[in-house]
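> Take this structure, written in structure tokens, and hold onto it; I'll ask about it next.
The values are calculated or read from the model by the stated rules, or taken from the named source; none is laboratory data. All figures in this text were calculated on a predicted structure; none of them were measured in a lab. Here the Cβ positions follow ideal geometry from the backbone for every residue, glycine too, while neighbour counts run over all protein chains shown. Ligands, DNA and RNA are excluded from the accessible area calculation, which covers all protein heavy atoms including side chains. Shrake-Rupley method; radii C 1.70, N 1.55, O 1.52, S 1.80 Å.
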Amino acid sequence: MNLNNSNIRAPKPGLNITNITGLNRFYAKVYGIFAAGLGMSAVSAYLGSQVFQAQVISFIQRFPLGIWGLWILQLVLVAVMGRKATKNPALTMAGFVVYSLLTGLTLSVTLMLYSGATVVQAFLTATVTFAGAALVGMFIKRDLSMVGRIGMILVWGLIITMLLNVFFFKSSGLDLVVSFIGVLVFTGLTAYDNQMIKNYYGQFQNVENTGIATFVALQLYLDFINIFLFLLRIFGYDDN
């Protein structure tokens, strides 16, 4: 989930940016890191689900708290990256690499539950949805701060509802409704996070920004992965 629990204060919208070339380079850096993270996760997920299934299942079973332990570790990595983004870019980048590989590992277990056609359909739809929302965030003039605030509140609501459904309600219908809402929430957050790229650059344009770019790429990465996972549940509703 997209949980921004870091020491990086969200910059105010509308910061003055005079170096357009620098901004374009920052966009390129953010999306380069984002694409690298997705690539590492894709390779990790493919190897885990197609080549090393038995080893992955055994590793997760032996890991403390199993897959829940891996998710907790990922949340810790997100917190560390947020706190170190401005102070230690190398550590932030290393954390992003580890996070991407771990996400691929946990994804591999999920992908085993769905057909290849469902996975491809969900991925292509997620790509188009993410790209459309990203373009809106880049070019819209309206401030999307309210979208970001409401989106984060809804994310916590989604987490609580999903946990209740897993342990108590166990309703496939509720799971489907949550999935549709999840796609809408993270599509909105994608637009917001893309608008924030310009604002982060405006705040940190006079400092070395690799750590900031990595942190922003992580936000986009989380948006995309969550859109993909919710779409996978929707398209794979009949697979399970």
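> If you take the residues of segment 64-89 that are assigned to a helix (DSSP H, G or I) and in contact (Cβ under 8 Å) with a residue 60 or more places away in the chain, which of them is most open to solvent (accessible area, probe 1.4 Å)?
Looking at the filtered set, the residue picked out is ARG83.
> Right, something else. Considering PHE96, PHE52, which residue is surrounded by 19 or more Cβ atoms within 10 Å (Cβ to Cβ), under 24 Å from PHE228 (Cβ atoms) and at pLDDT 85 or above?
Working: PHE52 fails: surrounded by 19 or more Cβ atoms within 10 Å (Cβ to Cβ).
Exactly one of PHE96, PHE52 is surrounded by 19 or more Cβ atoms within 10 Å (Cβ to Cβ), under 24 Å from PHE228 (Cβ atoms) and at pLDDT 85 or above, namely PHE96.
> Now, a different point. Considering each of LEU124, LEU102, LEU163 in turn, give the residue that is within 22 Å of LEU77 (Cβ to Cβ), open to solvent by 50 Å² or more (accessible area, probe 1.4 Å) and not polar (S, T, N, Q).
Details: LEU124 fails: within 22 Å of LEU77 (Cβ to Cβ); LEU102 fails: open to solvent by 50 Å² or more (accessible area, probe 1.4 Å).
Only one candidate qualifies: LEU163.
> Say whether the condition of being within 16 Å of VAL109 (Cβ to Cβ) and either surrounded by 15 or more Cβ atoms within 10 Å (Cβ to Cβ) or at pLDDT 90 or above (or both) is met by at least one residue in segment 34-42. Can you show your working first?
Keep residues of segment 34-42 that are within 16 Å of VAL109 (Cβ to Cβ), which gives 41-42.
So of that shortlist, the ones also either surrounded by 15 or more Cβ atoms within 10 Å (Cβ to Cβ) or at pLDDT 90 or above (or both) come out as 41-42.
Yes, segment 34-42 has at least one match.
> For residues that are at pLDDT 95 or above, of a type in the set (A, V, I, L, M, F, W, C) and in contact with a helix residue (DSSP H, G or I) (Cβ under 8 Å, 6 or more places away or on another chain), tally how many sit in segment 179-216.
Going through segment 179-216 one residue at a time, the tally reaches 7.
> Moving on to the next point. Take the conditions in contact with a Gly (Cβ under 9 Å, 6 or more places away or on another chain) and part of a helix (DSSP H, G or I) and apply them to GLN50. Does it pass?
no
> Could I ask something else about it? Which ones in segment 155-177 are touching a residue at least 40 places away in the same chain (Cβ under 8 Å) and not hydroxyl-bearing (Ser, Thr, Tyr)?
VAL155, LEU158, ILE159, ASP175, LEU176
> Now for a separate question. Taking segment 105-121 as the search range and keeping residues that are aliphatic (A, V, I, L, M) and open to solvent by 70 Å² or more (accessible area, probe 1.4 Å), which one is nearest to GLN50 (Cα to Cα)?
Filtering segment 105-121 for residues that are aliphatic (A, V, I, L, M) and open to solvent by 70 Å² or more (accessible area, probe 1.4 Å), the one nearest to GLN50 (Cα to Cα) comes out as LEU113.
> Of the conditions (1) in a helix (DSSP H, G or I); (2) open to solvent by 20 Å² or more (accessible area, probe 1.4 Å), ASP238 clears all except one; give me its number.
(1)
> On to the next question. Provide a single number: the residues in segment 167-209 that are open to solvent by 50 Å² or more (accessible area, probe 1.4 Å), under 20 Å from the mean Cα position of the chain (by Cα) and among the hydrophobic types (A, V, I, L, M, F, W, C).
Within segment 167-209, residues that are open to solvent by 50 Å² or more (accessible area, probe 1.4 Å), under 20 Å from the mean Cα position of the chain (by Cα) and among the hydrophobic types (A, V, I, L, M, F, W, C) number 3.
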